[in-house]
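This report refers to the structure that appears directly beneath it.
The values are calculated or read from the model by the stated rules, or taken from the named source; none is laboratory data. Remember, it's a predicted structure, so these values are computed and weren't measured experimentally. For accessibility, only protein heavy atoms count, side chains too; no ligands or nucleic acids. Shrake-Rupley method; radii C 1.70, N 1.55, O 1.52, S 1.80 Å.
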Amino acid sequence: MLRFLTGGESHGMALTAIVEGLPAGLGVDQEMINRDLARRQMGYGRGQRMQIESDQVQILSGVRGGKTLGSPITMQIRNRDWENWKEVMAVKAPANEARAVTRPRPGHADLAGGIKYDHKDFRNVLERASARETAVRVAVGALAKVLLQRFHVSILGHVLSIGGSRRSRVELARSEVQPAVEGSPVRCLDGEVEKDILGRIEKAQAVGETLGGVFEVCAFDVPVGLGSYVHWDKRLDADLARAVMSIPAIKGVEIGLGFEAAERPGSEAHDVINYRRDRGFFRETNRAGGIEGGVSNGETIVVRAAMKPIPTLGSPLRSIHIISKRESEAAVERSDVTAVPSACVIAEAAVAIVLAGHMIQKFGGDSIEEMQRNYQGYISQVKSL
Ligand code: EPS
């Protein structure tokens with residue numbers, strides 16, 4: 001089992017993750033983690049915070065001489081902005097209580113979270129509800145990608161649309177995976193869509209609006225047989241949906257055709273099975289998005305998600321003051337106009353973590369060599385069919 005916990009507030013000292021369950025002997029490349037952290041920070045529409053941060057991971061435990069020990073791996077990312085928030089975030093009583101956030105933002109965790117935890121200052125909610133936490137999740141995802149690479153699995157996300165733009169229909173190719181590791185997920189858009197998106201972001205910014213969007217994550221060369229149909233909590237698609245839905249502001253997740261499958265007759269919703277000696281069994285199309293019956297079927301796994309617009313609006317919506325109960329405009333904090341490209345990188349991490357967890361569950365092993373032996377045995381069994 002692969003598990004992890006994260007800790008840290010948006011303007012606190014640092015973000016931390018402890019990852020447990022990776023096999024020993026896995027070469028960990030700190031620079032690869034930092035590359036994904038940098039990709040998460042990219043994207044037109046991010047706010048000024050991204051100019052303050054320059055996310056770098058520090059590995060504090062579980063790695064020696066560049067290789068995992070099999071023990072928990074602790075990773076930390078410093079919040080540079082903490083220097084500017086030290087007093088507000090102090091463990092002792094804040095120096096200036098007048099800075100309390102008291103006007104909940106519609107669409108944000110502010111009000112529901114404040115009621116639940118009995119906070120009258122919504123900063124106590126927003127600091128942890130903030131998507132800043134996803135930086136360290138991306139670091140965990142980068143570790144998961146390192147494991148997956150050992151089994152030739154690669155993952156790439158791309159943005160399909162932002163703010164209602166025409167959806168890009170770019171087909172992702174395996175050859176795009178390596179170059180894209182360096183770049184932002186908007187790189188894959190076709191030129192016209194990209195121009196349209198940039199225009200929409202600029203217009204939104206000018207009028208204090210925010211924009212959501214749709215993105216897609218593909219996992220290539222996943223072996224057949226991850227996940228299971230035998231029990232609800234073993235289904236791979238369910239685990240992927242949960243992991244991607246847990247990214248802040250995600251309101252919808254679909255796999256393969258997803259909602260479109262509901263509108264098609266069966267003959268146009270499924271994938272014809274074929275066989276070739278050199279390839280084994282394969283599907284002629286990939287409407288299932290690489291998963292049938294909760295089990296990976298050997299085709300590319302395709303997960304798509306819808307992100308809502310960020311709830312912090314420059315031109316705020318109507319709300320109610322938590323103390324006076326008077327009508328009031330919602331709080332305005334420095335924020336992003338859109339973070340869809342970032343969410344796409346985070347979703348790559350979420351998908352990688354789920355797939356790495358399922359690989360570990362299926363092939364087991366305390367060391368990476370043992371895991372690879374188990375994997376090879378299974379691949380031979382599949383090939384001998
Ligand atoms: C966020 C608000 C903004 C974003 C932040 C998420 O931060 P700040 O309030 O400091 O300007 O930039 O995202 C990040 C810090 C990040 O690293 O992605 C929010 O309220 O969710």
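Among 375, 229, 275, the sequence by solvent-accessible area, most first, with a 1.4 Å probe is 229, 275, 375.
Quick note on the range 232-385: its Rg to Rh ratio, both from C-alpha atoms and Rh being the Kirkwood radius, is 1.14.
Once fully extended, how much extra length lies between residue 52 and residue 281, figured as 0.36 nm per residue of separation less the alpha-carbon to alpha-carbon distance? If you can, show how the numbers build up before the last one.
Numbers: separation 229, 0.36 × 229 = 82.44 nm, distance 5.05 nm.
The span from residue 52 to residue 281 would gain 77.4 nm if fully extended.
Largest first, the three principal axis extents of the alpha carbons in the chain are 71, 51, 38 Å in whole numbers. When nucleic acids and ligands are ignored and a 1.4 Å probe is applied, residue 160 ends up with an accessible area of around 10 Å². Within the chain, the whole DSSP H helices whose Cα atoms reach 20 Å or more along their own axis and whose mean Kyte-Doolittle score is at least 0.5 are 134-149, 340-363. Across the range 281-289, computed HN-Hα scalar couplings (Karplus, 6.51 cos²θ - 1.76 cosθ + 1.60, θ = phi - 60°) run 6, 8, 9, 6, 10, 9, 6, 6, x Hz from first to last residue, x flagging Gly and Pro.
If the chain between residue 267 and residue 152 were fully stretched, how many nm would it gain, using 0.36 nm times the residue separation less the Cα-Cα distance?
Working: separation 115, 0.36 × 115 = 41.40 nm, distance 3.25 nm.
Full-extension gain reported as 38.1 nm.
Taking θ as phi - 60° and the Karplus parameters 6.51, -1.76 and 1.60, the scalar couplings of the range 290-305 work out to x, 9, 10, x, x, 10, 5, 10, x, 8, 4, 7, 10, 10, 10, 9 Hz in sequence order, x denoting glycine and proline.
Per residue, the chain reaches -9500 deg cm²/dmol at 222 nm when only DSSP H runs of four or more residues are counted, each adding -39500 (n - 2.57). Sequence-distant contacts, meaning Cα pairs under 8 Å at least 6 residues apart, place the relative contact order of the chain at 24 percent.
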